[in-house]
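The structure under discussion appears below in the form of structure tokens.
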Amino acid sequence: MNSVLFFSEDPASDVAHDAVRRCAGRWGLTYATSAAQALAALTERSFDVVIAEVSRDRAEGLEVLAQVKADRPEAARIVLSDPIDSELIQRALTVAHQCVAKPCEPVQFWRVVERTCFLHGLMGNRAIRGLLGGLERLPSVPRSYVALTQALGREDVELAEIVAIVEKDTAMATKVLQLVNSAFFGRPRRITSIPVTVSLLGFERMKALALGTHVFGMLSDADSRAYGIDRLQERSLLSAQLARRFLSGTLRADEGFTVGLLLDIGKLLLAVCLKDRYRDVLEQARRRNTTVDAIEREQFEVSHAVVGACMLAVWGLPATIIEAVAFHHAPGGVLHGDTMLVDAVHVADAMADAILDGRIPQRRELALDPILMSRDGMEERFRAWRALAAEELPTLPA
């Protein structure tokens, strides 16, 4: 049973009260109402998760989490905060793995706790630590992504501000112009204006592209050719487009685009860390006619999906995105009920491979997770998604 320390300076907190009531039987929960009480509990035992409820007037929870970060880095740290206080949230991000905005339904809140606990546990994986140890330093989150995130967190953000951020990042500006003029978007005339491009792609997709540009720029030109990065990038973009289409009309659509674009970040990290060893993994997968992730698990005890998810966790991306990357080859491994994002991304990824190989994505030919396809309603959903993919085919490269 996972152990949780829940710190709230407000003894009347409805969230804290519901948290205690609803976690019974699933979590070993300790409740503290003062910083001294919380710190005393931390000296007496270790916790898997430490949650602090904070507000502008009651911010001692951040000091508690800072202490946890220093003394108990193995614990997952979560802040429950007022969403209108952007300054407080920025401070919270320096000490927490995840921030949850109030008001928050208890069921949703504990789902976030479960995800955070699981994903933080990935970071302690011995195999991942060994693999990433091949890097002199982990790649940092791109500044353009941070700037876009901060700007889009404000209600008064304007197009000109987003355009200015994109234009300062030459690599990103070049990539989005290339993207908006590609066959994936099927524009009848060439677009050379960043403002027009930002308007067409939308703000959230600009954030995803800031990450994607950074990720695919980690390898040198020579290594990119050796690892077939152009093909990988093309497939990632198609997966992103399809996932967003599958989730159109839901709150997950933009997340689907982001996950699709970042599915193979783990492959890039392994290529950077392992060089020829990882090229041999790719060659073995081709020679033995099996999947790359199967050879990765055989050779390294972990797949690129989990390695990539860990990198995104270090960058502080939302738990839903990290989870979808981690499970994009095996969505049946997600044990809670909120699986729409990872399901859509899994199917989009499989269809993208088929489409780029010149094949129409038929159900029997796709490497789909049998647990996923056995879920109620999944066959019908697959048929609907296949129809949406077929609508995309006329605009895709031959």
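Here are a few things to note about the model shown:
- Each other residue within a Cβ distance under 15 Å of GLN284 adds +1 if Lys or Arg and -1 if Asp or Glu, for a net charge of +1.
- Close amide H partners of LEU29, meaning residues 5 or more places away or on another chain with modelled amide H under 5 Å apart, are VAL4.
- In the complete set of protein chains, residue-level accessible area for THR192 is approximately 110 Å², probe 1.4 angstrom.
- Hits among lysines - C-alpha to C-alpha of LYS267 under 19 Å, sequence gap 8 or more where chains match: LYS275
- Around LEU211: net Lys/Arg minus Asp/Glu count, Cβ-Cβ under 12 Å: +2
- When each of LYS168/LYS207; LYS102/LYS168; LYS69/LYS207 is checked by Cα-Cα distance, pairs over 24 Å: LYS102/LYS168; LYS69/LYS207
- Rounded accessible area of LYS69 (nearest 10 Å², 1.4 Å probe): 90
- Across the accessible surface of the range 324-373, with the other protein chains kept in place and a 1.4 Å probe, carbon and sulfur atoms take up 55 percent.
The values are calculated or read from the model by the stated rules, or taken from the named source; none is laboratory data. It should be emphasised that the depicted structure is a prediction, and the values quoted were computed from it without experimental measurement. All Cβ positions, even for glycine, are placed from backbone atoms using ideal geometry, and neighbour counts span all protein chains on display. Keep in mind that these areas ignore ligands, DNA and RNA; they rest on the heavy atoms of the full protein, side chains included. Shrake-Rupley method; radii C 1.70, N 1.55, O 1.52, S 1.80 Å.
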